[in-house]
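*Asks:* Have a look at the structure that comes next, please.
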Amino acid sequence: MNIEAVFVDRDGTIGGTGHFIHPKDFSPYSFSRAALQILKDNNIKTFACTNQHRISRGEATLDDFYKEFQSYEFDDAFICPHSLDDDCNCHKPKPGMLFEASKKYK
Ligand SMILES: [Zn+2]
């Protein structure tokens, strides 16, 4: 079996505390960059995949997060910016972001 891509959450997975931290204040764990590099070295795409409902409250922007994920050299990032009341299809554990990635990357 060939693993083609790995979806990686942000808060509490690559760093932070498990709760919202603005990208300008976010610190990755000491091992996160090296772990992502191992995936890249094995030709596995790395996709950040995260719920960030604080975007809907104006506490950060999608661009803040895209820039942050680029700085960790993710191949792409999928972000749900919606509030919990929006009933969108992308808020994890709903599968919308996976479908979006599937469409974009075949
Ligand atoms: Zn959403």
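The values are calculated or read from the model by the stated rules, or taken from the named source; none is laboratory data. Owing to the predicted nature of the structure, the values given are computational and were not obtained by experimental measurement. Note that each Cβ is placed from the backbone with ideal geometry, even for glycine, and that neighbours are counted across all protein chains shown. To get the accessible areas, we keep the full protein, side chains included, count just its heavy atoms, and leave off ligands, DNA and RNA. Shrake-Rupley method; radii C 1.70, N 1.55, O 1.52, S 1.80 Å.
*Asks:* Quickly work out the Tyr66-to-Cys88 label distance, labels modelled 7 Å from Cα along the C-beta direction, and quote it in nm with one decimal.
*Replies:* Output for this residue pair reads 1.4 nm.
*Asks:* What 222 nm value per residue comes from the helices of the chain, counting each DSSP H run with n ≥ 4 as -39,500 (n - 2.57) and dividing by all residues, nearest 500 deg cm²/dmol?
*Replies:* Counting only the DSSP helices, I get -8500 deg cm²/dmol.
*Asks:* Hey, can you grab everything whose amide H is under 5 Å from the amide H of Val8? Only 5+ residues off in sequence or another chain; H modelled, so Pro and N-termini drop out.
*Replies:* Result for Val8 returns Phe47, Ala48, Cys49.
*Asks:* Mind giving me the nanometre distance, one decimal, between the label points for His22 and Arg54, set 7 Å out from Cα along Cα→Cβ?
*Replies:* With each label placed 7 Å out from Cα toward Cβ, I get 0.9 nm.
*Asks:* Additional query: Evaluate Rg over Rh across the chain, taking Cα atoms for both radii and Kirkwood's formula for Rh. Mind dumping the intermediate values first?
*Replies:* Numbers: Rg = 13.6 Å, Rh = 14.2 Å.
On the Cα set of the chain, Rg over Rh gives 0.96.
*Asks:* Return a whole-number percent for the relative contact order of the chain, with Cα pairs under 8 Å and 6 or more residues apart as the contact set.
*Replies:* The value is 24 percent.
*Asks:* Assign unit charges at the C-beta atoms only (+1 for Lys and Arg, -1 for Asp and Glu), then state the dipole size of the chain relative to its Cα centre in Debye, rounded to the nearest 20.
*Replies:* Details: 13 positive and 16 negative charges, 43 e Å.
Charge dipole, the chain, about its Cα centre: 200 debye, nearest 20.
*Asks:* For the chain, which cysteines have no second Cys with its Cβ under 4.7 Å from theirs?
*Replies:* Unpaired cysteines in the chain: Cys49, Cys88.
*Asks:* For Phe99, what charge total do you get from the other residues with a beta carbon under 15 Å from its beta carbon, if Lys and Arg give +1 and Asp and Glu give -1?
*Replies:* Details: positive: Lys92, Lys94, Lys103, Lys104, Lys106; negative: Asp76, Glu100.
Neighbourhood net charge equals +3.
*Asks:* If you don't mind, another one. Counting only pairs 8 or more places apart or on different chains, how many lysine pairs in the chain have C-alpha atoms closer than 26 Å?
*Replies:* 26
*Asks:* Here is a further query. Compute the length gained on full extension between Ile38 and Ile3: take 0.36 nm times their separation in residues and subtract their Cα-Cα distance, giving the result in nm to one decimal.
*Replies:* Here the answer is 11.3 nm.
*Asks:* Okay, moving on. Roughly how much of Phe20 is accessible, in Å² to the nearest 10, using a 1.4 Å probe?
*Replies:* Roll a 1.4 Å probe over it and Phe20 shows about 60 Å².
*Asks:* Right, another one. State the answer as a single residue: which of Met1, His82, Ala35 lies farthest towards the positive end of the charge dipole of the chain, with beta carbon charges of +1 for Lys and Arg and -1 for Asp and Glu, about the Cα centre.
*Replies:* Met1
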